[in-house]
Amino acid sequence: MQPDVVVVGAGIIGAACAEALSAAGVRVTVIDRGTPAGGTTAAGEGNVLLSDKPPGPELALAQASVARWPKLLATLRDLLGSEQAEVEWDAKGGLVVALEHAEALAEFADHQRSAGVRADLITASDALELEPNLTPDVTAAVHYPDDAQLQPVLAATTLLAAVKRRGGEVRGDVAALGIRPGGLRTSEGFLNCGAVINACGPWAGQFSERVGAPINIQPRRGVVLVTSHTPFTVRHKVYDADYVGAVESGAADLQTSTVVESTRAGTILIGSSRERVGFDDTMRVPVLRELARKAVRLFPGLARVPVMRAYGGFRPYAPDHLPVIGPDPRVPGLWHATGHEGAGIGLAAGTGQLIADLFLGRPPVVDPLPFRVDRPEVTPCT
Ligand SMILES: Cc1cc2nc3c(=O)[nH]c(=O)nc-3n(C[C@H](O)[C@H](O)[C@H](O)COP(=O)(O)OP(=O)(O)OC[C@H]3O[C@@H](n4cnc5c(N)ncnc54)[C@H](O)[C@@H]3O)c2cc1C
């Protein structure tokens, strides 16, 4: 059966778009030139965060996503059964701590509250009660009860399983090569379809050039340390207040800021670095050392815990730090859903819904204008 839409890229974003479209009865095929969920999604830590976003369009999309994830997961459980739809969702909440600059943290939380985020300023001793293994050097903290976590590969493969269950197709090892009238040219032949969604993550810029509608998406490198099984659990997603500065910065040079969280497997993930070095995947010891040093500063007990492995990935970065979601006015039938940088796992639920809303002409879940393709930061020549 000919699909209405071909989604190029089977990461969390392509999977979420395909799921939302298939739920609305659209016939979808998803292709990936590699293994589904094997791109940046496999490197994501799985944080679903409001805490790191200042008021603005990205926060609005994050709020829509945080509201949608639990409902979406319930739908997937109904469709696929609890075992197949297990994505390790954990509404554990976030704790942002200041070792210095407590005023800046409080001010940031104030702004977020004005945009409807639950952000509770707590004392250092309250923070230590929430996280007994935290350093006593904490001066202040903000608790974000609505931050959550999931396992990104499980989430993407579950969304794709739902697409298949509804009659859609998911095909690995098929590369998209170009768009022609009536469909998509691929390494496995021509696919007839009415629309193509570019969900190629950090490679979205390359694919967009191939189809004659370039968008400015670049890779932003990040690495994560994984500890062996730890003698203590970090109960929340905990990070240093300087993380927000690193996320918002567009600087190409290295930035590290500590994010520490336990996984259900009993390990601790220590993220993460940010660097624009193209697709250079060299693992550099000074970066790993810096991440470890900052994590030990937050949780001194980590000094005794061995690091089991380190891995990296490429965030899909847009110069204005906003995703690109919607139709491309330059090529009929071409859509983009990409550029989510370090927040694509969290933002996937809202992105899928927004794509489906726009595609079907429904009232959009959030204002789509800030994410439009023809904005100067993304398509400088328009
Ligand atoms: C270290 C690190 C930690 C992170 N932690 C978090 C986190 O905690 N929370 C969070 O929300 N986000 C996090 N992120 C960001 C998140 O992982 C990304 O925003 C998200 O995975 C992007 O998903 P995607 O589907 O757009 O891209 P991808 O997962 O990269 O998927 C794109 C797919 O497109 C395929 N593709 C590319 N070109 C073609 C082509 N021509 N034809 C066919 N297929 C093609 C690729 O093979 C790939 O599978 C992190 C990222 C990194 C690097």
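Please go through the range 63-91 and give me each residue that is within 14 Å of the ligand (Cβ to nearest atom), out of contact with any Gly (no Cβ under 6 Å at 6 or more places or on another chain), open to solvent by less than 30 Å² (accessible area, probe 1.4 Å) and closer than 19 Å to PRO145 by Cβ, ordered by number. Of everything in the range 63-91, those that are within 14 Å of the ligand (Cβ to nearest atom), out of contact with any Gly (no Cβ under 6 Å at 6 or more places or on another chain), open to solvent by less than 30 Å² (accessible area, probe 1.4 Å) and closer than 19 Å to PRO145 by Cβ turn out to be VAL66, TRP69. If you check LEU360, LEU334 for being open to solvent by 20 Å² or more (accessible area, probe 1.4 Å), farther than 20 Å from LEU254 by Cβ and assigned by TED's automatic domain parsing to the domain that holds PRO57, only one passes: LEU360. Looking at GLU275, is it within 14 Å of the ligand (Cβ to nearest atom), farther than 22 Å from ASP147 by Cα and surrounded by 15 or more Cβ atoms within 10 Å (Cβ to Cβ)? Yes, satisfied. Just one of the listed residues (LEU291, LEU354) is assigned by TED's automatic domain parsing to the domain that holds VAL223, closer than 22 Å to VAL48 by Cα, within 15 Å of the ligand (Cβ to nearest atom) and buried (at least 21 other Cβ atoms within 10 Å of the Cβ), and it is LEU291. When the residues of the range 124-152 are filtered to those that are open to solvent by 50 Å² or more (accessible area, probe 1.4 Å) and hydroxyl-bearing (Ser, Thr, Tyr), the one that is modelled with the lowest pLDDT is THR139.
Of all residues being surrounded by fewer than 19 Cβ atoms within 10 Å (Cβ to Cβ) and within 27 Å of ILE268 (Cα to Cα) in the range 14-42, which is nearest to the ligand (Cβ to nearest atom)? Just the residue, please. Going through the qualifying residues, I end up with GLY38. Please go through the range 5-59 and give me each residue that is of a type in the set (Asp, Glu) and at pLDDT 95 or above, ordered by number. Those that are of a type in the set (Asp, Glu) and at pLDDT 95 or above: GLU19, ASP32, GLU58. Residues that are hydroxyl-bearing (Ser, Thr, Tyr) and open to solvent by less than 20 Å² (accessible area, probe 1.4 Å) were ranked within the range 195-230; the one that is nearest to LEU288 (Cα to Cα) is THR227. If you check ALA119 against the conditions, is it out of contact with any helix residue (DSSP H, G or I) (no Cβ under 7 Å at 6 or more places or on another chain), buried (at least 16 other Cβ atoms within 10 Å of the Cβ) and modelled with pLDDT of 95 or more? When the stated conditions are applied, ALA119 does not pass them. Summed over the range 167-209, residues that are near the ligand (Cβ under 7 Å from one of its atoms) and among the basic types (Lys, Arg) total 0. The residues of the range 94-115 that are open to solvent by less than 60 Å² (accessible area, probe 1.4 Å) and either under 18 Å from LEU61 (Cβ atoms) or free of Cβ contacts under 8 Å to residues at least 12 places away in the same chain (or both), listed by number, are GLY94, GLN112, ALA115. Determine, yes or no, whether VAL260 is within 23 Å of THR135 (Cβ to Cβ) and either open to solvent by less than 70 Å² (accessible area, probe 1.4 Å) or assigned by TED's automatic domain parsing to the domain that holds LEU358 (or both). Answer is yes for this residue. Against the conditions (1) open to solvent by 40 Å² or more (accessible area, probe 1.4 Å); (2) within 12 Å of the ligand (Cβ to nearest atom), ALA155 satisfies every one except (1).
Listed here are the residues, each with its yes/no results for (1) in a helix (DSSP H, G or I); (2) under 21 Å from the mean Cα position of the chain (by Cα); (3) assigned by TED's automatic domain parsing to the domain that holds THR351.
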residue	(1), (2), (3)
ALA15	yes, yes, yes
GLU19	yes, yes, yes
PRO36	no, yes, yes
PRO55	no, yes, yes
ALA64	yes, yes, yes
THR75	yes, yes, yes
VAL87	no, yes, no
GLU100	no, no, no
GLN112	yes, yes, no
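Entry remark, the range 169-194: residues being assigned to a loop (DSSP other than H, G, I, E, B) and open to solvent by 20 Å² or more (accessible area, probe 1.4 Å) number 8 in total. When you go through GLY326, GLY344, GLY301, GLY313 one by one, which is the residue that is more than 8 Å from the ligand (Cβ to nearest atom), open to solvent by less than 30 Å² (accessible area, probe 1.4 Å) and either assigned to a helix (DSSP H, G or I) or over 30 Å from LEU360 (Cβ atoms) (or both)? After applying the criteria, what remains is GLY301.
Exactly one residue out of HIS321, HIS336 is within 16 Å of the ligand (Cβ to nearest atom) and on the phi > 0 side of the Ramachandran plot: that is HIS321. The sole residue among GLY301, GLY278 that is more than 23 Å from GLU131 (Cα to Cα) and not assigned by TED's automatic domain parsing to the domain that holds ALA43 is GLY278.
The values are calculated or read from the model by the stated rules, or taken from the named source; none is laboratory data. Predicted, not measured: the structure shown is a model, and the values here were computed from it. For neighbour counting, all protein chains shown are included, and Cβ atoms are generated from backbone atoms with ideal geometry for every residue, glycine included. SASA here: full protein model, heavy atoms, side chains in, ligands and nucleic acids out. Shrake-Rupley method; radii C 1.70, N 1.55, O 1.52, S 1.80 Å.
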